[in-house]
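Peer 1: Dropping a structure here in structure tokens format, bear with me for questions.
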Amino acid sequence: MRLPLQGALPNRIPVAGPDISDLEVSLVADAARGGFYQGANQYQSRFEQEFAGYVGVSHAVALPSCTSAIHLALAAMGVGPGDEVIVPDITWIATVAPVLYLGATPIFADVDPTTWCIAPTSVEHCLSKRTKAIIGVDLYGGMCDWARLRGLARAANVRLIEDAAEAIGSSWMNQRAGSLADIGAFSFHGSKTMTTGEGGMLVTNDGDLLARVLRLRDHGRAPNDFFFENEEVGFKYRMSAVQAAMGLGQLSRLQQFLDKKRRIFSLYSEHLAGLDGVTLNAEPAGLYNSYWMSTVVWDESYDILKKGVMARLAARGIDSRPFFNPLSSLPALSNIASAKPARERNKVAYGLSERGINLPSALCLEDDDVLWAACVLRAALESSRVAPVSARERPAAAVVPASPEKVAIPSRSAA
Ligand SMILES: Cc1ncc(COP(=O)(O)O)c(C=O)c1O
């Protein structure tokens, strides 16, 4: 049998990807052989216990994905037709899809211009008598203003979910991402800081929500039902032993991955310094940002949008990703009645989205890869610079010319 994937190295600079060592391989092999008979569920239970300990919560439930964790969270909270759930307009569609699975209505709140996470002032504006839950998303490793979100949720008597899919290892005032709401949800997709191939985790301190989640995730069976006496129609959301074994290995190496992500970010930060109107992920006081994706946004003094910059990087062998499109702009969601007012209201989300990209942040990157990506990005932006908005508004404003030819990009043999 050929194993064409073994040892394969990317010939482009990848935007995301994991670090898998012999430890994970041996744990997975053990689970493949031993995760049945008397070994059934042992890897899953250990992974759940160690993960809950890491995040600092009482309970963790291993699942096939973060999407399923959000689905279960909303279902356990009793969200259904007629209810509204407030979500940030900037996130991956997986945050909102489960709201629609349950027949509820998403309300798209604007995001904060600095953290890029849901803006509490906008949430306040979106609250109504029909609001049942708020989902905050810790975007790209940053974190929401959880103190204010919790205050708003408490005052309005609505539930709070933390979509921490992208933020394993981040913390705010020493409280880990995922532990700040009624339920937290994580993703272990292959692009994430730690992976189980595909997978997710739901965490909570609330025993009642946990009991509901455990029943719903197993086709409506009570956890100790040995006689197949399903009490309601639920879902089938479980993680396999092989995935849990991989997760255990990855969790034990998580700090190493976080150090690497922070190193990648610091290299971008250093090499993009001094570009006016260009900002990277924020790390306000009290936040430890896990920088899942080093991300750059630029202002209107650069006459180039995200697809243009992505094309410039791609031509040099560098993969990147677009800053998320506002959910209310997506063909899949734009017909929802609440999307139209969001398109008019969410100025920050729409502004950021056009002028931002995720930079290569894969765990396999070498410093040189990051420097090369920073160098090509810098050249792409510098050559697109027109002038600061204030200068352009003056009649005979001096435009700063920077033609691509003038920007020297060192050649690089193996990208
Ligand atoms: C913010 C956010 N929420 C949810 C998800 C869904 O995760 P999964 O693919 O594990 O379902 C992702 C994954 O990319 C995400 O980035």
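FYI, it's all coordinate maths here, none of it is from the lab. Everything quoted here is computed from the prediction, not taken from an experiment. Quick reminder, even Gly has a Cβ in these numbers, built from the backbone with ideal geometry, and neighbours come from all protein chains shown.
Peer 1: Loop-only trypsin sites (Lys or Arg not before Pro) in segment 58-139, please: DSSP not H, G, I, E or B, and at most 10 other Cβ atoms within 10 Å.
Peer 2: LYS129
Peer 1: If a/c stays under 1.5 just call it rounded; otherwise compare a/b with b/c (prolate if a/b is bigger, oblate if not). Do that for segment 22-252, with a ≥ b ≥ c from the square roots of the Cα gyration tensor eigenvalues.
Peer 2: Details: a/c = 2.18, a/b = 1.41, b/c = 1.55.
In terms of gyration-tensor shape, oblate.
Peer 1: Count charges around SER187 for me, please; just the other residues with Cβ under 13 Å from its Cβ, Lys/Arg as +1, Asp/Glu as -1.
Peer 2: -4
Peer 1: Could you tell me the center-to-center distance, by alpha carbons, between segment 269-283 and segment 298-318 in angstrom?
Peer 2: Cα centres, segment 269-283 to segment 298-318: 15 Å.
Peer 1: In whole Å, how far is the Cα centre of segment 199-233 from that of segment 144-181?
Peer 2: Centre-to-centre (Cα) distance: 23 Å.
Peer 1: Spelling out what I want: for every residue of segment 295-303, take phi, set θ = phi - 60°, compute 6.51 cos²θ - 1.76 cosθ + 1.60 (Karplus), and round to whole Hz; glycine and proline get x.
Peer 2: 9, 10, 10, 10, 9, 6, 6, 10, 8
Peer 1: When DSSP assigns beta bridges and you keep just the ones with both residues in segment 22-252, what percent turn out antiparallel, to the nearest 5?
Peer 2: 45
Peer 1: Sort the chain into rounded, prolate or oblate with this rule: let a ≥ b ≥ c be the square roots of the eigenvalues of the Cα gyration tensor; rounded if a/c is under 1.5, and if a/c is not under 1.5, prolate when a/b is larger than b/c, oblate otherwise. Before the final figure, lay out the partial values.
Peer 2: Values: a/c = 2.28, a/b = 1.33, b/c = 1.71.
Oblate, since a/c reaches 1.5 and b/c is not below a/b.
Peer 1: In addition: Using +1 at the C-beta of Lys and Arg and -1 at the C-beta of Asp and Glu, which of GLY249, PRO98, ALA164 has the Cα lying farthest in the positive direction of the dipole of the chain?
Peer 2: PRO98
Peer 1: Here's a follow-up. Of the candidates SER383, SER68, SER187, which one comes out as most mobile in a Gaussian network treatment of the chain with C-alpha springs shorter than 10 Å?
Peer 2: Per the Cα network of the chain with a 10 Å cutoff, SER383 tops the list.
Peer 1: Moving on. If you add up the charges near TRP146, with Lys and Arg at +1 and Asp and Glu at -1, over every other residue whose beta carbon is less than 13 angstrom from its beta carbon, what do you get?
Peer 2: -2
Peer 1: Same structure, new question: Can you tell me the dipole magnitude for segment 22-252 around its Cα centre, using point charges on the Cβ only (Lys, Arg +1; Asp, Glu -1), in Debye to the nearest 20? Don't skip to the end; give the middle numbers.
Peer 2: Working: 17 positive and 25 negative charges, 57 e Å.
Result for segment 22-252 is approximately 280 debye, rounded to the nearest 20.
Peer 1: State the cysteines of the chain left without a partner when partners are defined as other cysteines whose beta carbon lies under 4.7 Å away.
Peer 2: Here CYS66, CYS126, CYS364, CYS375 come out as lacking a disulfide-compatible partner, given the Cβ-Cβ threshold of under 4.7 Å.
Peer 1: How much mean residue ellipticity at 222 nm does the chain get from its helices, if each DSSP H run of length 4 or more adds -39500 (n - 2.57) and you divide by all residues, to the nearest 500 deg cm²/dmol?
Peer 2: -10500 deg cm²/dmol
Peer 1: Just the number, please: percent antiparallel of the DSSP beta bridges in segment 130-212, rounded to the nearest 5.
Peer 2: 45
Peer 1: Additional query: Please sort by residue number the GluC sites (Glu not before Pro) in segment 226-292 whose DSSP state is loop and whose Cβ has at most 13 other Cβ atoms within 10 Å.
Peer 2: Taking segment 226-292 and a limit of 13 other Cβ atoms within 10 Å, the loop GluC sites (Glu not before Pro) found are GLU229, GLU231, GLU232.
Peer 1: Here is a further query. Compute the distance from the alpha-carbon center of segment 16-57 to that of segment 234-251, in whole Å.
Peer 2: After rounding, the separation between the Cα centres reads 7 Å.
Peer 1: Check GLY200: other-chain or 5+ apart residues with amide H under 5 Å from its amide H, H built from backbone geometry?
Peer 2: HN-HN under 5 Å from GLY200: LEU63, SER65, PHE188.
Peer 1: Further question on the same structure: For a quick check, take a GNM of the chain with Cα springs below 10 Å and name the residue from GLN44, GLN256, GLN243 with the largest mean-square fluctuation.
Peer 2: Looking only at GLN44, GLN256, GLN243, the largest GNM fluctuation is found for GLN256.
Peer 1: Charges only on Cβ, +1 for Lys and Arg, -1 for Asp and Glu: so what's the dipole of the chain about the Cα centre, in debye to the nearest 20?
Peer 2: For this selection, approximately 560 debye.
Peer 1: With θ taken as phi - 60° and the coefficients 6.51, -1.76 and 1.60, list the Karplus ³J(HN,Hα) couplings across segment 112-120 in order, rounded to whole Hz; mark glycine and proline as x.
Peer 2: 7, x, 9, 8, 6, 8, 3, 8, x
Peer 1: Okay, moving on. If packing is taken as the mean number of other Cβ atoms within 10 Å per residue, what is the order of 318-330, 365-377, 82-94, highest first?
Peer 2: Descending mean neighbour count gives 82-94, 318-330, 365-377.
Peer 1: Additional query: Taking only C-alpha pairs under 8 Å that are 6+ residues apart, what is the relative contact order of segment 22-252 in percent?
Peer 2: It comes to 26 percent, rounded to a whole number.
Peer 1: So, one more: Using the count of nearby Cβ atoms within 10 Å as a rough guide to exposure, how do ARG33, ARG12 rank from fewest to most?
Peer 2: With the fewest neighbours first, ARG33, ARG12 line up as ARG33, ARG12.
Peer 1: Give me the net charge of ASN325's neighbourhood, meaning all other residues with Cβ under 10 Å from the Cβ of ASN325; Lys, Arg count +1, Asp, Glu -1.
Peer 2: Numbers: positive: LYS306; negative: ASP89, GLU354.
Taking every Cβ under 10 Å from that of ASN325, the sum is -1.
Peer 1: Shifting gears a bit: How high is the relative contact order of the chain? Use alpha-carbon pairs under 8 Å, at least six apart in sequence, and give a whole percent.
Peer 2: About 21 percent, as a whole number.
Peer 1: Further, regarding this structure: Pick out which of ALA156, ALA362, ALA332 has the largest mean-square fluctuation in a Gaussian network model of the chain, springs linking Cα atoms closer than 10 Å.
Peer 2: Highest fluctuation among the options: ALA332.
Peer 1: Go through segment 224-302 and name the chymotrypsin sites (Phe, Trp or Tyr not before Pro) that are in a DSSP coil and have 14 or fewer other Cβ atoms within 10 Å of their Cβ.
Peer 2: When the chymotrypsin sites (Phe, Trp or Tyr not before Pro) of segment 224-302 are filtered for loop state and at most 14 Cβ neighbours within 10 Å, PHE226, PHE227, PHE228 remain.
Peer 1: Report the charge-dipole magnitude of segment 38-112 in Debye, nearest 20, computed about the Cα centre from +1 at each Lys and Arg Cβ and -1 at each Asp and Glu Cβ.
Peer 2: Computed about the Cα centre, the dipole is about 360 debye.
Peer 1: Shape of segment 123-262 from its Cα gyration tensor (a ≥ b ≥ c, root eigenvalues): rounded if a/c is under 1.5, otherwise prolate when a/b > b/c, or oblate?
Peer 2: Since a/c reaches 1.5 but b/c is at least a/b, the shape of segment 123-262 is classed as oblate.
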